[in-house]
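Accompanying notes for the structure given below.
The values are calculated or read from the model by the stated rules, or taken from the named source; none is laboratory data. In this text the structure is predicted, and so the values were computed from the model without any measurement. FYI the Cβ positions are ideal-geometry reconstructions off the backbone, even for glycines, and counts take in every protein chain you see.
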Amino acid sequence: MPLDQTSTLLTRFGDRLYLTDAGLETSLIFLDSIDLPHFASFPLLRTMDGRQALERYFNGFLDEAAALDLGFVLDTVTWRASHGWGARMGLTAEDIDGANREAVALAKALRADRAGDIVINGVIGPHGDAYAPDEVLTPAEAEAYHQRQISVLAEAGAEMISAMTISSTGEAIGIANAARKAGVPVVLSFTVETDGRLMGGGSLAEAITATDDATAGYPVWYGINCAHPDHFASELAGDLISRIGSVRANASRKSHAELDESTELDAGDPTELAQDYQRLKQLVPGLRVLGGCCGTDLRHVAAIGRRFSHRH
C-alpha cells in the first residue's frame, strides 16, 4: 500500500541528513558548454558523450556525499521528460516513456557498487514553464497530465517521486493524487518569488495546507527550490515547519525574470550559501535533504555538506 511505502521511506531517512545535487541544467549549460534545448537534460541519454557528461556530473556529488558520510538522493534527469515537453521536441509518448526508463537505469548504474544510502528519486517538473505558465492546471488536469510519467518512473524503480519548481496548488494536488494511484511516495517542492510567495500570490503555508487538505496529507514532505534563502526564510514559521523536509536553493538573489534574461551564470558565494543553510536548519530542524538549484554546482553542495558532516 502507498502509505506503507511512505512510512518505510520516512523510516529510511530517519534523522539522518542527505545531500542531493545542484543546478544540473545551469551547470551543463554554463560550465560544460552543453546545449540543452528547452532546458531539458534527458536528451543527453541518447549519446555516449551526453551520458558521460551526466555520469561525471553525478559522480562528483556521490563522491562528496561518501567522503562526508552523508546519504544521497540521486535524481533522474527527467524534470522535463513529460509528454507535453516531449511533443515540443518532436518526440512521441513512447519516446518519452523510454527516456524515463533509461534515466532510472542510469541512476541505478551510478548507485551500483557504492556504499552508503542512495535513494533513487524520480524527478518531474511542471507541465509548462513554472515562471510563465501558459495555463494553470486544475487538480484533475494535473493528475491526468502527470500520471503517465509518474507511473513509468515508479515501475522502472524510482523509490520516490519529487515534483520540482511547482508554482500552483492545483498542480501540486494533481501530482499527489497521481502518485497515490501509482503507489509511490511523493515530495512536492514549491518555488516562490522574491517576496516568498507563489507565482499566483499565495503563501507557502496556504499552498501546503490546501494540498494536504485535498490529499489527506499524502505527500511525504514538502520542499522549496529555485529561490534564494533570503526570499523564503521569513516564511518558515508555525505549523509549516513540520511539513518542510528539503531545500534546493539558488545561489543568486535575482528574481526568476532576471535569471531568465541572464547570459552569465550568477554562482553567488558557496560559503555564504552554506551559512544560509545552517540558519535554515535551525529554523526547520526536520530538514532531511539539502542541495542546490540554479547557479549552484558541486562547490556549493560540498560547502553545505561540510557544515553538517561529523567528518569535517
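Among 17, 74, which is the only one that is in contact with a Lys or Arg (Cβ under 7 Å, 6 or more places away or on another chain) and under 17 Å from residue 150 (Cα atoms)?
Only one candidate passes the filter, namely 74.
What number of residues within segment 35-50 satisfy the criterion of being in contact with a helix residue (DSSP H, G or I) (Cβ under 6 Å, 6 or more places away or on another chain) and over 20 Å from residue 164 (Cβ atoms)?
Here the count works out to 1.
Considering only residues that are within 16 Å of residue 55 (Cβ to Cβ), among the polar types (S, T, N, Q) and surrounded by fewer than 19 Cβ atoms within 10 Å (Cβ to Cβ), which ones fall in segment 19-33?
Hits for segment 19-33: nothing passes.
Within segment 66-86, can one find any residue that is more than 30 Å from residue 12 (Cα to Cα) and within 18 Å of the chain's Cα centre (by Cα)?
Yes - at least one qualifying residue is present in segment 66-86.
So the check is Cβ under 8 Å with 6+ separation or different chains; which pairs have a first residue in segment 2-23 that's more than 17 Å from residue 218 (Cβ to Cβ) and a second one that's surrounded by fewer than 17 Cβ atoms within 10 Å (Cβ to Cβ) and at pLDDT 95 or above?
Close Cβ pairs satisfying both conditions: 12/117; 16/117; 18/117.
Looking only at residues that are in contact with a Leu (Cβ under 7 Å, 6 or more places away or on another chain) and of a type in the set (Ser, Thr, Tyr) in segment 191-236, which one is farthest from residue 285 (Cα to Cα)?
211
When both residues are 6+ apart or on different chains and their Cβ atoms are under 6 Å apart, which pairs have a first residue that lies in segment 192-207 and is outside any loop (DSSP other than H, G, I, E, B), and a second that is surrounded by fewer than 18 Cβ atoms within 10 Å (Cβ to Cβ) and among the small types (Gly, Ala, Ser)?
Within 6 Å, the pairs are 197/203.
Take the residues of segment 70-89 that are farther than 24 Å from residue 310 by Cβ and out of contact with any helix residue (DSSP H, G or I) (no Cβ under 7 Å at 6 or more places or on another chain): which is surrounded by the most Cβ atoms within 10 Å (Cβ to Cβ)?
Looking at residues that are farther than 24 Å from residue 310 by Cβ and out of contact with any helix residue (DSSP H, G or I) (no Cβ under 7 Å at 6 or more places or on another chain), I get 75.
Only one of (1) surrounded by fewer than 23 Cβ atoms within 10 Å (Cβ to Cβ); (2) over 15 Å from residue 308 (Cβ atoms); (3) within 18 Å of the chain's Cα centre (by Cα); (4) at pLDDT 95 or above fails for residue 252. Which number is that?
Unmet condition: (4).
Which residue, of 183, 157, 200, is under 25 Å from residue 294 (Cα atoms), surrounded by fewer than 21 Cβ atoms within 10 Å (Cβ to Cβ) and of a type in the set (Gly, Ala, Ser)?
200
Out of contact with any His (no Cβ under 8 Å at 6 or more places or on another chain), in a helix (DSSP H, G or I), over 22 Å from residue 189 (Cα atoms) and of a type in the set (A, V, I, L, M): which single residue out of 103, 144, 99, 115 fits that description?
Of the residues listed, the single one that is out of contact with any His (no Cβ under 8 Å at 6 or more places or on another chain), in a helix (DSSP H, G or I), over 22 Å from residue 189 (Cα atoms) and of a type in the set (A, V, I, L, M) is 99.
Which of the residues that make up segment 34-69 are without any contact (Cβ under 8 Å) to a residue 24 or more places away in the chain, surrounded by fewer than 16 Cβ atoms within 10 Å (Cβ to Cβ) and either touching a Lys or Arg at 6+ places or on another chain (Cβ under 9 Å) or not in a loop (DSSP other than H, G, I, E, B) (or both)?
46, 48, 49, 52, 56, 63
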